[in-house]
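Here is the structure we will look at, set down as structure tokens.
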Amino acid sequence: MTSNREGDLAVWALMGAGMGVYWFFKGFRELKVKRTIQDIPTSRIATGAVGSLVEIKGAIVCEPDQLVPAPVSGFPCVFYSLEIQKLVRTKNSSYWKTIDWIYSDKGFRVDDGSGADALVYAEGAEIKRQGDPAEYRVNSRDLSSMPQGLLLVLTLNANKLRSFKLSGSSWWRSEEYRFLERCFYRGETLYILGNADSGIKVEKRRKLSFKNFLAARKMAETDPALRKKFDANRDGVLDPEELERAAKTVGEQLQPRDGRVEKPLPKTKMIFRKQDARTFIVSNMKEEQVVASLGWSSSLKIFGGPALAIAGMAYIAWFLRGAF
Amino acid sequence: MSVTTLAVLGVLLFGSAAVIGYLLTIYNGLIALKENIKKAWANIDVILKQRHDELPKLVSVCESYAEFEKGILERAMKARERYFSADTVAKKAEASAEVSGAIKSIFALAENYPQLKANENFMQLQARISHLEESLADRREFYNDSVNNYNIRIQQLPDAIVANFMGLKLETMFSVAAEDRRDVDIKIRLPRFE
């Protein structure tokens, strides 16, 4: 008969084995990113070609009135990311689990002295900063005591948050939350690697609002030219399907351009943003430092991961020695 | 199965997976480097084509000034033709350097022709070609950096083993011709003071 402690250790060993395998593969991904950084030369913003994986280095330029206050520290910055973590308690230990992310949605400009600048939307980027992030901890029963800036950001982004609720958790149990803030400041020199657009296709359309849909439908019903255009079966009347198609097509033309995307200035030659699963790194570290940190991290995972996995599996084998 | 056997099997399994993973990372990295060079060259080619499209216009504007040195204009056009008929990167680079040299000479000589210098078309073409030359210089630097990274990788261990297996060869850089490095010889016509 095995003791409870051995049983707990077996669960940990199983989790460790799984984590080890995950680290092993993650280590190779980091190694690939490290080599990519080393292999891609730095482009000058004014004359460099846009496309996938463009590397630039430059200083953040911003007018003082465009700065935003960081939610936790309150410092004026050009960009912040807020990682929301929840303390998960197990029988013998506890750990912080990331449950949500909030990013400032304004882009910022980076100038490399080539006579042009790049507009960067760092949302979703892998942000690498030197030093620890600013931190704030709070209990779910005490959310109203949070700094005003943090409370405001959480309120404004309430509809984007998947797990964190400003209303707190249930009355019978409290949760511990931690907010980690990472910012970029005016004048800071950044290293950026990611997909760069030329700025022509930056304006995106918003999702068709119900109000515009109704307005477009009315237009399609009353305008003879539109009626004729969308009358696919030529029976003289717009069927419900034809009317819906007409409303969608006309409605899209009525839509205002997405206000979140700033109109690029004539000086802006490159626009960086997260696209699919492609690499997008924004860091205030030097390229060599980013490479070095990835080198250490990947080596640790490639060697440490299997060690953990083997140790975990060995323990499970020992634990189950009498079962079969 | 004993714990020791399992541990040995685990080490062998992860060991072989690590070796295969590492070789694959190197292989994919080398392919990416090779493609980066092609892309960098394609980005140069775009600029070169734009410059060569502007060249006939520049020659035509200069030709309208009867006394303008015909030899330089002919040299520029011949170099342009050579660029279009070149089939390798090295030949294209050589022809491109000749065009650059000829353009430099045209602009330098234009200093002697105040009317030509004041011609609006000429000024526009000069600004456009100068901008293209600047872009070209930056992209050439980018191309050479890409080639340099690739050449270093395929000669360094352990990448050299994989590169040898793949049959990869050293690439040549887009170097500036000796002619392009030389100062332009300008005969300045100084006004006579009597």
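The values are calculated or read from the model by the stated rules, or taken from the named source; none is laboratory data. Keep in mind that this is a model prediction, so the values were computed, not measured. Every residue, glycine as well, gets a Cβ built from its backbone with ideal geometry; the counts of neighbours run over all protein chains shown. Heads up: the accessible areas ignore ligands, DNA and RNA and are worked out on the full protein's heavy atoms, side chains in. Shrake-Rupley method; radii C 1.70, N 1.55, O 1.52, S 1.80 Å.
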- Item | Semi-axis lengths (Å, descending) of the ellipsoid that matches the C-alpha gyration tensor of the range A:207-255 | 19, 9, 8
- Message: Show me you know the interface measure: the accessible area buried between A and B, both chains summed, probe 1.4 Å, in Å² to the nearest 100.
- Response: 2200 Å²
- Alpha carbon centre of the range A:111-140 versus the range B:1-61: separation in Å? 28 Å
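Which FRET efficiency value, to the nearest 0.05, do you get for A:Asp142 and A:Trp12 by plugging their Cβ-Cβ distance into 1/(1 + (r/R0)^6) with R0 = 30 Å?
With R0 = 30 Å, the Cβ-Cβ based efficiency is 0.40.
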- Item | Free-standing Cys residues across the protein assembly as shown, given no other cysteine C-beta under 4.7 angstrom | A:Cys62, B:Cys62
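Pairs of lysines 8 or more apart, or on different chains, with alpha carbons under 14 Å: count those in the range A:207-255, would you?
On the way: A:Lys207/A:Lys248; A:Lys211/A:Lys248; A:Lys218/A:Lys248; A:Lys229/A:Lys248.
Value for the range A:207-255: 4.
Determine the shape class of the range A:18-109: with a ≥ b ≥ c the square roots of the Cα gyration tensor eigenvalues, call it rounded for a/c under 1.5, and otherwise prolate if a/b is greater than b/c, oblate otherwise.
Details: a/c = 3.81, a/b = 1.22, b/c = 3.13.
Oblate is the answer for the range A:18-109, as a/c is 1.5 or above yet b/c matches or exceeds a/b.
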- Note on the structure: Given pairs A:Lys269/B:Lys39; A:Lys269/B:Lys91; A:Lys91/A:Lys301 and cut-off 21 Å on Cα-Cα distance, the over-length ones are A:Lys269/B:Lys91; A:Lys91/A:Lys301
- Query: With each pseudo-label sitting 7 Å past Cα toward Cβ, what's the B:Val19-B:Gln50 distance in nm, one decimal?
  - Reply: 5.0 nm
- Per 5 angstrom bin, beginning at 0 and ending with the bin that holds the maximum distance, the Cα pairs of the range B:33-181 fall in percents of 2, 9, 18, 19, 15, 12, 9, 6, 4, 3, 2, 1, 0
- Query: Among residues other than B:Asp159 whose Cβ falls under 15 Å from its Cβ, what is the net charge (Lys/Arg +1, Asp/Glu -1)?
  - Reply: +4
- Give me the Kirkwood hydrodynamic radius of the protein assembly as shown in Å, from all C-alpha pairs, to one decimal place? 28.9 Å
- Between the chain alone and the structure with every protein chain in place, find the residues of the range A:27-46 that drop at least 50 Å² of accessible area; heavy atoms, 1.4 Å probe. A:Phe28, A:Arg35, A:Asp39, A:Pro41
